[in-house]
1. With a 1.4 Å probe and all protein chains left in place, how much accessible area per residue does the chain have, in Å²?
2. Considering all projection directions equally, how large on average is the shadow of the alpha-carbon convex hull of the range 178-236, in square nanometres?
3. Could you pull out which residues in the range 103-135 have an amide N less than 11 Å from a spot 7 Å beyond the Cα of Asp167, following the Cα-Cβ vector?
4. If you average the sequence gap of Cα pairs under 8 Å that are 6 or more apart and divide by the length of the chain, what percent do you get for the contact order?
5. Among the aspartates and glutamates, select those whose C-alpha is under 20 Å from the C-alpha of Lys342, and discard any that sit fewer than 8 residues away in the same chain.
6. Within the range 178-236, what whole-number % of the accessible surface is contributed by carbon and sulfur, with the 1.4 Å probe and all protein chains included in the calculation?
7. Give the lysines whose C-alpha is closer than 16 Å to that of Lys252, dropping any in the same chain fewer than 8 places away, or say none.
8. May I ask you to order 196-209, 31-44 by the average number of other C-beta atoms within 10 Å around their residues, highest value first?
Amino acid sequence: MRRKRILFVDLDYFYAQVEEVINPSLRGKPVAVCVFSGRNEDSGAVATSNYEARKLGIKAGIPIATAKRLSNDVILLPMRKDLYKGISDKIMGYLSTLGTTEVASIDEAYVDLGEITLEEAFKLAKEVKERIFKDHGLKVSIGVASNKVFAKVACEMGKPDGLVVLDDEKEEKLRSEIEVSKIPGIGPVLREKLNELGVNKLGDMKNLDEYKLRKVIGEAKAQYLISLANGTYDEPVKVRQRKHQGRYVTLKRNTRDPNEIKPYLFRAVDEAFAKASGALPMEIHVVAIMEDIDIVSRSRTFKHPISKDEAYNTCYKLLLDILIEDKRQVRRIGATLGKLKKVDGSLDKFFDFKLDGNSV
Ligand code: DGT
Ligand code: CA
Ligand code: CA
């Protein structure tokens with residue numbers, strides 16, 4: 001049967017796999033790609049690791065010192081972000097020849113395959129895997145389903161080097177049996193709230209009072225889960241090239257004091273604006289890396305590009321939101337600018353833009 005199908009690609013242990021491709025002698029050995037924060041020699045954290053390292057407990061987020069303690073043999077490499085980004089861009093460019101492509105992160109994308117049969121979807125997905133391996137030597141995992149969320153879930157089920165195409169029957173099964181914690185966008189806090197309402201699996205939503213659900217987890221998330229459960233979820237794949245400029249700085253010491261964090265945050269904003277070379281953001285994210293290297297972020301989207309002054313204010317408010325909701329100490333703080341718009345030098349034009357909302 002022909003039906004709309006969406007393909008989701010996730011590059012396997014991406015940064016570390018790129019390092020293996022460039023230097024094949026790393027293969028079979030535990031490898032971790034690290035962000036060295038510069039406070040002292042061992043300060044920093046693992047960004048990602050290959051499967052050999054993961055077996056030893058060395059995975060994204062753990063401190064470098066811990067990685068060294070877990071293994072004497074682990075090979076620690078500095079992150080080469082520009083290198084990975086260049087390869088990612090090429091792969092995303094290739095994917096967008098297959099259909100509308102939404103780049104979700106440096107190593108993830110959704111592709112709208114249009115109305116096709118299950119067999120065609122399987123064949124296409126296999127071709128994508130072969131093509132990326134042939135051109136870049138990289139293994140990827142792919143999931144195909146009738147919507148974005150289940151495509152991502154399918155991809156996750158097959159990792160690594162996976163290829164999972166869901167038919168209607170399997171999707172129906174997921175709609176009742178998937179655990180809410182496995183659903184993209186449902187983090188530990190929401191999961192806890194849902195569990196308290198007696199919802200462990202998506203199917204448990206059936207017995208729930210919708211009003212109560214909305215009250216506890218909020219309108220947007222409630223609508224999201226309800227539509228997933230009843231099979232009406234239909235978010236389109238949006239053409240998107242990630243246009244983000246982000247900067248992160250490490251605090252002198254871990255703290256929860258907003259006044260102490262503020263100058264670092266503002267410096268991150270300054271540097272992010274400098275990197276954006278004149279373009280102004282319509283979206284801004286504050287990203288806090290907590291004492292245990294867990295990452296918490298808050299963002300705000302505007303209808304118009306914002307100035308640096310507005311960005312300072314917004315970022316400070318977002319920082320306070322993070323500190324209210326999270327009780328941990330902050331280790332690193334960053335600001336990321338999204339939806340960057342080139343704004344013409346003249347201020348008049350900027351104000352016109354603000355008034356009529358058209359893009360420049
Ligand atoms: P996978 O998909 O489980 O095979 O492994 P990865 O490494 O591809 O993990 P994924 O998809 O969550 O993340 C994609 C890339 O993003 C990863 O290769 C490195 C980067 N990344 C993930 N987590 C962190 C982090 O906590 N810090 C930093 N700096 N980078 C991270
Ligand atoms: Ca990923
Ligand atoms: Ca990945």
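The values are calculated or read from the model by the stated rules, or taken from the named source; none is laboratory data. Keep in mind it's a predicted model, so treat the numbers as computed, not measured. When we count neighbours, we look across all protein chains shown, and the Cβ atoms used for this are built from the backbone with ideal geometry, even at glycine. Heavy atoms of the whole protein, side chains included, go into the accessibility calculation; ligands, DNA and RNA do not. Shrake-Rupley method; radii C 1.70, N 1.55, O 1.52, S 1.80 Å.
1. I get 52 Å² per residue for the chain.
2. 3.7
3. 118-119
4. About 15 percent, as a whole number.
5. Qualifying aspartates and glutamates at Cα under 20 Å: Asp270, Glu271, Glu283, Asp309, Glu310, Asp352, Asp356.
6. Here carbon and sulfur together make up 50 percent of the probe-accessible area.
7. Cross-link targets: Lys262.
8. Output ranking for 196-209, 31-44: 31-44, 196-209.
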